[in-house]
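One structure is given here, and the rest of the page talks about it.
Every number in this text was worked out from the coordinates using simple rules, so none of it is lab data. In this text the structure is predicted, and so the values were computed from the model without any measurement. Glycine also receives a Cβ, built like all others from the backbone with ideal geometry; neighbour counts cover every protein chain displayed.
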Amino acid sequence: MNTEEKKLYKLAVEHLNTAYAPYSKFHVSAALLTESGKITTGVNIENAAYGSTICAERVALFNYVNQGLKDDPIKCLLITGNTSRPISPCGSCRQVMAEFMKADSKIILTNVQGDYKMTTLADILPYYFTDGDLADGRDK
Ligand code: THU
C-alpha cells in the first residue's frame with residue numbers, strides 16, 4: 001500500500017468499533033479516497049428487522065454522494081474487518097460500487113491483521129449492469 005492507502009487503512013481500522021452490529025457481531029468498516037483527496041467512511045449499521053441492515057461499503061459510498069462529491073472520481077475504496085482473510089464485499093455492495101466507480105478503480109480488501117489484496121471493480125464484478133444497459137434495453 002502507498003502512503004495514502006495506508007492512511008485509508010488506518011482510518012478504516014479506527015472506525016471499525018463504531019459499527020452497529022449487535023445481531024451479527026460482525027463489524028465492517030470502509031473508507032474511500034477521491035481523486036482530489038477527499039475521504040468518506042462507513043461502517044455497517046444493522047437493524048432488528050434484519051433486511052433493513054446496510055453494509056459499510058454502501059454507507060461510505062452514500063456518504064460520498066451525500067457530501068456532494070459525485071463529480072470527484074473515486075480513486076480507491078478500502079474495506080476492513082476482523083476476518084482471517086481480507087474481507088470480501090457482498091454482491092449488493094459490488095453493484096453499488098459499479099454505479100459510482102470506474103471499472104479500473106482500485107479496491108483494497110484488508111483485515112485488521114494487516115493482510116490485504118488489491119483488486120478492481122471489473123475483477124470482482126465482471127459483466128456488471130450499468131446505466132448503458134438500462135438505456136439500451138428500455139422500451140423505446
Ligand atoms: N457486511 C458489510 O458491512 N459488508 C459486506 O461486504 C459484507 C457484510 C455486514 C452486513 C451485516 O451487518 C454483517 O456484515 C453480516 O452480514
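Of note:
- The listed residues are 40, 34, and the only one of them that is more than 16 Å from the ligand (Cβ to nearest atom), under 25 Å from residue 131 (Cβ atoms) and touching a helix residue (DSSP H, G or I) at 6+ places or on another chain (Cβ under 8 Å) turns out to be 34.
- From the options 80, 110, residue that is within 20 Å of residue 39 (Cβ to Cβ), crowded, with 19+ Cβ neighbours inside 10 Å and in contact with a Gly (Cβ under 9 Å, 6 or more places away or on another chain): 110
- Scanning the range 64-83 for residues that are under 22 Å from residue 1 (Cβ atoms) and assigned to a helix (DSSP H, G or I) turns up just one, 64.
- Within the range 90-140, the only residue that satisfies the criterion of being more than 24 Å from residue 11 (Cβ to Cβ), among the small types (Gly, Ala, Ser) and outside any helix (DSSP H, G or I) is 103.
- Pairing each residue of the range 125-140 that is at negative phi with any residue that is among the small types (Gly, Ala, Ser) and in a helix (DSSP H, G or I), provided the two are 6+ apart or on different chains, yields C-beta distances under 7 Å for 125/98; 128/98; 130/98.
- Going through (1) within 16 Å of the ligand (Cβ to nearest atom); (2) surrounded by 19 or more Cβ atoms within 10 Å (Cβ to Cβ) one by one, residue 26 falls short only on (2).
- Of all residues in the range 34-63, those that are in a strand (DSSP E or B) and of a type in the set (Ser, Thr, Tyr) total 3.
- Looking only at residues in the range 83-95 that are surrounded by 19 or more Cβ atoms within 10 Å (Cβ to Cβ) and within 11 Å of the ligand (Cβ to nearest atom), the one that is nearest to residue 128 (Cα to Cα) is 93.
- Count of the range 43-57 residues which are within 16 Å of the chain's Cα centre (by Cα) and either farther than 14 Å from residue 20 by Cβ or away from the ligand (no atom under 16 Å from the Cβ) (or both): 1
- The set of residues from the range 104-121 being within 14 Å of the chain's Cα centre (by Cα) and aliphatic (A, V, I, L, M) comprises 107, 108, 109, 118, 121.
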